[in-house]
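Reading through the C-alpha cells given below for one structure.
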Amino acid sequence: MPSLLAIDLGLRTGFAIYGGDGKLRRYGSHNFGSAARLRRGVHGVLSDLMDLEWVYIEGGGHLADIWMREAGRLGIAVRVVSAETWRRALLYEREQRSGDQAKRVADTLARQVIAWSGAPRPTALRHDTAEAIVLGLWGVLDVGWLGRLPNDLRH
C-alpha cells in the first residue's frame, strides 16, 4: 500500500505517516539536534518507509532542501506547503485568528484523526506532531486518497 509522510519541519521534526487508505499509521517527533545530524538521518527515515510515494513538508529553507534533495534521489514526490494552505482548507476562519489558536485547534483535530484511524493514543502530543498529523490529513485529501474529509473529523 502506498504511503505519505507529512513533516512539520525543524530540527525537532513532527512526522505523520499515512497509508493509501487515507488513515494515519504512525506519528511522532524526532529531535535531530543539528542540521548536520538531520542531513545524515533523512536518508534512513525516507528509505525505511515502505512504498513511500509522497512527502509533504510544512516549512522551507535549508532544512526543507535537505528533505527535498534526498526524496528526489529516491524518486519520491515532494510538496512544500505553508501552514496557511492546510489551515484554510481544514479550519474555520475563526479558528485561525492567531497562530496559537490554530495550533490548539490542530491539536484537537489531530486527536480526532488518531481516533478515527485507530492509531495508538498518545500519552502526550507535541504541537509539531499535531501539525504534521493535520498536514498529512490535508495531503491525503490533496493526492486523492480520501475523496472528502470524513464526517467523524468535522468539528
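The values are calculated or read from the model by the stated rules, or taken from the named source; none is laboratory data. Values in this document were obtained by computation on a predicted structure and should not be read as measured data. Virtual Cβ from ideal backbone geometry, glycine too; neighbours counted across all protein chains shown.
Can you give me the number of residues within region 8-58 that are β-branched (V, I, T) and out of contact with any Lys or Arg (no Cβ under 9 Å at 6 or more places or on another chain)? Even if it seems obvious, please write down each step before you answer.
Initial filter on region 8-58 (β-branched (V, I, T)): 13, 17, 42, 45, 55, 57.
Next, from what is left, pick out any that are out of contact with any Lys or Arg (no Cβ under 9 Å at 6 or more places or on another chain): 13, 45.
Residues meeting the conditions: 2.
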>> What pairs come out if I take residues in region 33-44 that are in contact (Cβ under 8 Å) with a residue 12 or more places away in the chain and pair them with residues that are exposed (fewer than 11 other Cβ atoms within 10 Å of the Cβ) and assigned to a helix (DSSP H, G or I) whose C-beta lies under 9 Å away, six or more apart or interchain?
In response: A35/H62
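Of all the residues that make up region 75-134, how many are among the β-branched types (V, I, T), touching a residue at least 40 places away in the same chain (Cβ under 8 Å) and closer than 22 Å to G60 by Cα?
Within region 75-134, the subset among the β-branched types (V, I, T) is 76, 78, 80-81, 85, 105, 108, 113-114, 123, 129, 133-134.
Then keep just the ones that are touching a residue at least 40 places away in the same chain (Cβ under 8 Å); that gives 81, 85, 105, 108, 113-114, 129, 133-134.
Those still in the list that are closer than 22 Å to G60 by Cα too: 81, 85, 129, 133-134.
Total meeting the criteria: 5.
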>> Looking only at region 119-155, how many residues end up being closer than 16 Å to S3 by Cβ and out of contact with any helix residue (DSSP H, G or I) (no Cβ under 9 Å at 6 or more places or on another chain)?
In response: 3
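Sort out which residues of region 47-62 are at pLDDT below 95 and out of contact with any helix residue (DSSP H, G or I) (no Cβ under 6 Å at 6 or more places or on another chain), and write them in order of number. Full working, then the answer.
In the first step, residues of region 47-62 are kept if they are at pLDDT below 95; the result is 47-51, 58-62.
Within region 47-62, S47, D48, L49, M50, D51, G59, G60, G61, H62 qualify.
Residue by residue, here is whether (1) of a type in the set (V, I, T); (2) more than 17 Å from W54 (Cβ to Cβ); (3) at pLDDT 90 or above; (4) over 15 Å from the mean Cα position of the chain (by Cα) holds:
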residue	(1), (2), (3), (4)
A102	no, yes, no, yes
V105	yes, yes, no, yes
I114	yes, yes, yes, no
P122	no, yes, no, yes
A130	no, yes, yes, no
W138	no, no, yes, no
R148	no, yes, yes, yes
N151	no, yes, no, yes
> Got a number for residues in region 58-74 being hydrophobic (A, V, I, L, M, F, W, C), surrounded by fewer than 18 Cβ atoms within 10 Å (Cβ to Cβ) and either assigned to a helix (DSSP H, G or I) or in contact (Cβ under 8 Å) with a residue 40 or more places away in the chain (or both)?
Replying inline: 1
> All but one of (1) out of contact with any Pro (no Cβ under 8 Å at 6 or more places or on another chain); (2) crowded, with 17+ Cβ neighbours inside 10 Å; (3) in contact (Cβ under 8 Å) with a residue 40 or more places away in the chain; (4) part of a helix (DSSP H, G or I) hold for V55; which doesn't?
Replying inline: (4)
